[in-house]
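> Dropping the structure in here first, questions after.
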Amino acid sequence: MPYLVRRAGHSAIMLLVVVSFVFFAGRMIGDPAIVMLGASASDTALEQLRNNLGLNDPLLMQYFRYVGGLVQGDLGVSFRYGFAQMPAERFMDGGGTPVMGLVLARLPQTLYLAAVALGGALALALVMGCLAAMYPRSWIDHLVNVLSLASVSVVQFWLGLVLIVLFAVHLGWLPTGGYGSWYHVILPALALGARPLGRVAQVTRSAMLDEMARPYVAAARAKGLPEHRIVSVHALKNAGIPVVTITGDELVQLVTGAILVETVFGWPGIGHLLVEALNNRDLPVLQGAILAVATLVIVVNLLVDITYTYLNPKVSLSSREN
Amino acid sequence: MKTRQTALAITLAGVLAGVTSLALADTFVVAVPQEPQDLAAQGIYKEINAPGLRNVIEPLIMMDADSGDYVPVLAQDWEVIDDTSLRLHLREGVVFHDGTPMDAEAVATSIEFVWDQENAFTIQEYAGPGRISAEVEDDLTVVVHSSEPDPMLDFRMSLTGITSQDQIENNPSAHFTQPLGTGPYAFEDWDQGSSWSAVRNDDWWGRAADDVYGQNIPDYDRVRFEFRTESSSRMAMIMAGEADIVVSPQSSDCERAERLDGFSCVTGPSSQYIYGRLDYSLFADERLEDPRIRAAIFHALSYEGLADILGLASVPQGQLGTPDMTGFNDALEQYASDPQRSMELVQQAQADGVNLNGLRVEVMGRDDTPRIGELVEAIGAMIEAVGIPTRQNVQTPAVANPRFRISEYKAEAPRAMMQVHVKENPAPDFGLNLHSNYACPDLDDPSGVSRSSVFCDEEFDERLHEALTLIGEERHEAMQELNAFLHERYVIIPLALLDRAYLVRDGLDLTFGPDGRFLLANVTQSD
């Protein structure tokens, strides 16, 4: 437990660093009031907005106010995106659409896409890796190597467009993008899942090859256990640590990769929100979306560490000893 | 086993084919490049925020894109009372999508709501010299007033979306996300981040009218606007038959459309233009005030080449507007592209003591302008080629915007900058255009209309002030003269006029609406 507590503490510190970076980077790109209101805004409107947002206050005061808001779940308000109040109210009273609401509305879509992409990729990659390890230097092994290398090397953005052209434009089997039904997720999940598929398959193959050469596997074979049982029950669990490590890494990549994939497929997730906020110069939403992505990454890393302790109790034990 | 696999594959293929075709039935799909910021009635004045919103919310009158005359929509007839008032006679029996009547009281409420300066809607950029108010004369007659003489009050009414009075008064925040207009389509749903849709309005007044701006009964049951940021994704939608129309394709998409079957690129003039605002009489490097140096820069550019870089653009006729606008001067021509002449002008100036040492003209653009990098680079290279040193700069709006403002750029004096920028002028009149681009900014009021102008000329300002109060042929002639005045002084370089473009699926007969907008009542199926 102390290990996990310390790990959670590290995550909290990391989150604070990210929050600070997001805040100060947002202030370094120029006057937020001009960023938000654009070229046509009058100086009066700009000054009103600065006053309402407290942009005329000392930077440190703004920072502590920002962090204090975050602690209470307040990410600020969007002034450009889907606002539901009158502009005068926005400028005078600091009204607008809460960023937290926007982020929470988009988060499930990103998690859904990531879950389908990772779930599919993981299932396929484990099978590919195990088959390659069971038949080393066979045509299956070569095929797995080629496929995994290709899927690791491919650029997601490009792959997304290729999938659209092939399955939507030429074959007409699936929609080019959008959101709503189960079939809308197939192409984006394929584009997003390609990289984890390749990397997990490679690592699984490598780890399984090591395990299959260990004495306990030879002993199991000598006892007459069926090969599929040796692989799936004994070797695969022992090969789990590197696979979990790489899956954790890939989950992080998946969250960031979603930015491009969601844009290509018009998928209404956090990544799409981030790109729209960038285009609309909507600083609060941009900061909120970046924070959401960063939080996801930190949480995923924490979950991976927790999974380690389950798979390998030595992790927590060695931590205590240290 | 094999039979089961084959059956599964056939079923799967059938399901996939079915779901794809099901999505298209009786729904007209428009692929748009961005999600609207809102669907408020005030936003129908511009296409950029919510293309197609005019199918839901209608104005009182529209402008015929060919003749420049106004045509009736919710107002069947209108008359100019004097230079501050306009009387509008409304169509009888029109109801909003919530079932409430579109009468004089509702219209007056809408007009005051949209133009209320306290509401600070973006439409204020097209506000006239006075404050707009509306007065109910009888159930179907409303009089619009301007607190100052405003010869373009009818134009402003063509921009004003009329929306449900009940919603404005009782649920104003819904006004931004659930529009209630009178149009041929009624708002249905906004799926945030994905699309918004509307269904055909069976109670539309246009069904029984003989002066409607399109078909009496639109062909499609439903219209859906799909948000796709990526132009290649929008292109894929029309190639796959998922979209009927794609808004804002790139020029390369239009070129591809010529080689591919199934759709074509429809283009037409837009109200957007790109200009090069070269620092002039206000805080400018004094060498830019030498007429030979200015002329050399203007004649150094290949305007055809710049239009080619932009794609879907054409060369202007020496002024920042199109021939259909009041004040357009037919006698003017675009500045000749003549680098040889430019070099001679530079040499003449140098021989007369103009020292170009240390001068470096900054060709600057904002990174949200289309193809700005290539444009700035090309302009810089062309000016360099005639012997005037330049440096090129593309900046974010946050950095660039303050530099456009009088209150900020005087801090950079003496400055030598050419601002390459896109601007829109939906008014069929040079009034706002001349005022915002060329009138001397008020140093004591840096929020004024002409806050980005770098030109100060007393004679021009006097003549402009007078021209803005004129109407009819007098106004036209006065603005023609002002355009000629500016042309010979090499004030702002008209770089290109941008076209509007749509990719349109074959089998559709699309004509732009009376005001040059996309209206479903102007789309018919020919297959």
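The values are calculated or read from the model by the stated rules, or taken from the named source; none is laboratory data. Just so you know, these numbers come straight off a predicted model, no measurement behind them. No Cβ is skipped: glycine too gets one built from the backbone with ideal geometry, and neighbour counts run over all protein chains shown. The accessibility values were calculated without ligands, DNA or RNA, using every heavy atom of the protein model including side chains. Shrake-Rupley method; radii C 1.70, N 1.55, O 1.52, S 1.80 Å.
> Evaluated at 25 °C with a viscosity of 0.890 mPa s, what Stokes-Einstein diffusion coefficient in µm²/s does chain A have when Rh comes from the Kirkwood expression over alpha-carbon pairs? Write out the running numbers ahead of the final one.
Numbers: Rh = 22.5 Å.
So the translational diffusion coefficient is about 109 µm²/s.
> If you don't mind, another one. Would you work out which of A:246, A:235, A:185 lies farthest towards the positive end of the dipole of the protein assembly as shown, given +1 charges on the beta-carbon of Lys and Arg and -1 on that of Asp and Glu, about the Cα centre?
A:235
> Give the interface area between chains A and B as buried accessible surface, both sides summed, probe 1.4 Å, in Å² to the nearest 100.
Working: alone 16560 and 22600 Å², together 35450 Å².
The A and B chains share an interface burying roughly 3700 Å².
> Treat segment A:158-231 as a sphere of radius equal to its Kirkwood radius over Cα pairs and apply Stokes-Einstein at 20 °C in a medium of 1.002 mPa s; give the translational diffusion coefficient in µm²/s, rounded to a whole number. Kindly include the intermediate steps, with their values, before the conclusion.
Numbers: Rh = 15.4 Å.
Value of D from the Cα-based Kirkwood radius: 139 µm²/s.
> Mind pulling the angle between the C-alpha long axis of helix B:372-385 and the longest principal axis of chain B? Nearest 10 degrees, somewhere in 0 to 90.
It is inclined by approximately 20 degrees.
> Calculate the translational D of segment B:204-339 in whole µm² s⁻¹ from Stokes-Einstein, where the hydrodynamic radius comes from the Kirkwood formula applied to all Cα pairs, the temperature is 20 °C and the viscosity 1.002 mPa s. Don't jump to the answer; show the numbers that get you there.
Values: Rh = 19.5 Å.
It comes out at roughly 110 µm²/s.
> Calculate the dipole size of segment A:152-248 relative to its Cα centre from +1 charges on Lys and Arg beta carbons and -1 charges on Asp and Glu beta carbons; express the result in debye to the nearest 20. Each step should come with its number before you reach the end.
Values: 8 positive and 3 negative charges, 60 e Å.
Once rounded to the nearest 20, the dipole reads 280 debye.
> What do you get for Rg/Rh over chain B if you use C-alpha atoms and the Kirkwood form of Rh?
Numbers: Rg = 25.6 Å, Rh = 25.2 Å.
For chain B, the value is 1.02.
> Rounded, prolate or oblate for segment B:88-133? Axes are the square roots of the Cα gyration tensor eigenvalues, ordered a ≥ b ≥ c, and the cut-off for rounded is a/c under 1.5.
Details: a/c = 3.03, a/b = 2.03, b/c = 1.49.
Since a/c reaches 1.5 and a/b is larger than b/c, the shape of segment B:88-133 is classed as prolate.
> Then there's this: Show me, bin by bin at 10 Å from 0, the whole-percent P(r) of segment B:168-270 based on Cα pairs.
Percent of pairs per bin, in order: 12, 31, 34, 20, 3, 0.
> Express the accessible area of chain A per residue in Å², computed with a 1.4 Å probe while the remaining protein chains stay in the model.
Working: 14730 Å² over 322 residues.
Per-residue value: 46 Å².
> Right, something else. Going by amide H atoms built from the backbone, whose H comes under 5 Å of the H on residue B:276, apart from near neighbours?
Here B:493, B:495 satisfy the definition.
> Could I ask something else about it? Tell me the net charge near residue A:219. Cut-off is 15 Å between Cβ atoms, residue A:219 excluded, with +1 for each Lys or Arg and -1 for each Asp or Glu. Show your work: numbers first, answer last.
Values: positive: A:214, A:221, A:223, A:229; negative: A:211, A:227.
So the surrounding residues net to +2.
> Select from B:335, B:428, B:476 the residue farthest towards the positive end of the dipole of segment B:272-498; place +1 on Cβ of Lys and Arg, -1 on Cβ of Asp and Glu, and compute about the Cα centre.
B:335
> Note every residue of segment A:165-180 with a reduction of at least 40 square angstrom in accessible area, all protein chains present versus the isolated chain, computed with a 1.4 Å probe, or write none.
Residues shielded by partner chains are A:169, A:173, A:176.
> Would you mind counting up the charge near residue A:187? Only other residues with Cβ under 14 Å from its Cβ, with Lys and Arg at +1 and Asp and Glu at -1.
On the way: positive: B:228; negative: A:262, B:230, B:242.
That sum, taken over residues with Cβ under 14 Å, equals -2.
> Can you give the local net charge around residue A:261? Use residues other than it whose beta-carbon is closer than 13 angstrom to its beta-carbon, Lys and Arg +1, Asp and Glu -1. All intermediate terms of the calculation are to be shown ahead of the outcome.
Numbers: positive: A:195; negative: A:262, B:230.
Taking every other residue near residue A:261 into account, the sum is -1.
> Mind checking the per residue accessible area of segment B:272-498 for me, 1.4 Å probe, whole number of Å²? It would help to have the intermediate numbers written out before the result.
Numbers: 8970 Å² over 227 residues.
Here the per-residue accessible area is 40 Å².
> Any idea what the dipole of segment A:106-311 comes to, in debye rounded to 20, about its Cα centre with Lys/Arg Cβ at +1 and Asp/Glu Cβ at -1? Provide the component values of the computation, followed by the final result.
Working: 11 positive and 10 negative charges, 104 e Å.
That gives a dipole near 500 debye.
> Which shape class, rounded, prolate or oblate, goes with segment B:272-498 when its Cα gyration tensor gives a ≥ b ≥ c as root eigenvalues, a/c under 1.5 marks rounded, and past that a/b bigger than b/c marks prolate? Let's see the in-between values first.
Values: a/c = 1.36, a/b = 1.29, b/c = 1.06.
Because its axes are fairly even, with a/c under 1.5, segment B:272-498 counts as rounded.
> If you don't mind, there's one more thing I want to ask. Taking segment A:101-204, which trypsin sites (Lys or Arg not before Pro) meet the DSSP loop condition and have no more than 13 other C-beta atoms within 10 Å?
On the way: sites: A:106, A:137, A:199; in loops: A:137.
Counting only loop positions with at most 13 other Cβ atoms within 10 Å, the trypsin sites (Lys or Arg not before Pro) in segment A:101-204 are A:137.
> Another question, then. May I ask which residue of A:17, A:122, B:181 lies farthest towards the positive end of the charge dipole of the protein assembly as shown, with charges of +1 (Lys, Arg) and -1 (Asp, Glu) on Cβ and the Cα centre as origin?
Toward the positive end, the furthest listed residue is A:122.
> Would segment B:377-527 count as rounded, prolate or oblate if I go by the C-alpha gyration tensor, calling it rounded below 1.5 in a/c and otherwise prolate when a/b exceeds b/c, oblate otherwise? Each step should come with its number before you reach the end.
On the way: a/c = 2.13, a/b = 1.39, b/c = 1.53.
Note, shape of segment B:377-527 comes out oblate.
> Which residue, A:224, A:288, A:69, tops the fluctuation ranking in a GNM of chain A built on C-alpha contacts under 10 Å?
In this elastic network of chain A, the residue with the biggest mean-square fluctuation among A:224, A:288, A:69 is A:224.
> Rounded to the nearest whole Å³, what is the per residue volume of the convex hull around the Cα atoms of segment B:487-527? Intermediate values should be presented prior to the final figure.
On the way: hull volume 4.1 nm³, N = 41.
Spelled out: Cα convex hull of segment B:487-527, divided by residues, is 100 Å³.
> Quick one: helix B:339-351 against the long Cα principal axis of chain B, what's the angle to the nearest 10°, folded into 0 to 90?
The two axes meet at around 40 degrees.
> Given a 1.4 Å probe and every protein chain left where it sits, what share in percent of the accessible area of chain A is carbon and sulfur? Please list the in-between numbers first.
Numbers: 10090 of 14730 Å².
Carbon plus sulfur share of accessible area: 68 percent.
> Report the normalised scattering of segment A:133-277 as log10 I(q)/I(0) at q = 0.08, 0.10, 0.15 Å⁻¹, calculated by the Debye formula with identical scatterers on the alpha carbons.
Listed by q, the Debye log ratios stand at -0.31, -0.47, -0.83.
> Ok, one more. Where in segment B:330-395 are there GluC sites (Glu not before Pro) that are in a DSSP coil and have at most 15 other Cβ atoms within 10 angstrom of their Cβ?
Values: sites: B:333, B:344, B:362, B:374, B:377, B:384; in loops: B:333.
When the GluC sites (Glu not before Pro) of segment B:330-395 are filtered for loop state and at most 15 Cβ neighbours within 10 Å, B:333 remain.
> Then there's this: Which whole-number value in Å² is the accessible area per residue of segment B:123-171, probe 1.4 Å? Display every interim value, and only then the final one.
On the way: 1870 Å² over 49 residues.
About 38 Å² of surface per residue is accessible.
> Connecting C-alpha atoms closer than 10 Å in a GNM of chain A, tell me which of A:243, A:146, A:275 has the biggest fluctuation.
A:146
> Output needed for the protein assembly as shown: three equivalent-ellipsoid semi-axes, defined as square roots of 5 times the C-alpha gyration tensor eigenvalues, in descending order, whole Å. Walk me through the intermediate numbers first.
Working: eigenvalues 583, 229, 155 Å².
Semi-axes (√(5λ), whole Å): 54, 34, 28.
> Using a 1.4 Å probe on the protein heavy atoms, what percent of the accessible area of chain B belongs to carbon and sulfur? Mind dumping the intermediate values first?
Values: 9670 of 20710 Å².
Exposed carbon and sulfur together represent 47 percent of the surface.
> Pick from A:14, A:61, A:134: which is most flexible by mean-square fluctuation in a GNM of chain A where alpha carbon atoms under 10 Å apart are linked?
Comparing A:14, A:61, A:134 in the GNM, the peak value goes to A:61.
> Based on Cβ point charges of +1 for Lys and Arg and -1 for Asp and Glu, what charge dipole magnitude is obtained for the protein assembly as shown about its Cα centre, in debye rounded to the nearest 20? It would help to have the intermediate numbers written out before the result.
On the way: 57 positive and 106 negative charges, 1482 e Å.
That gives a dipole near 7120 debye.
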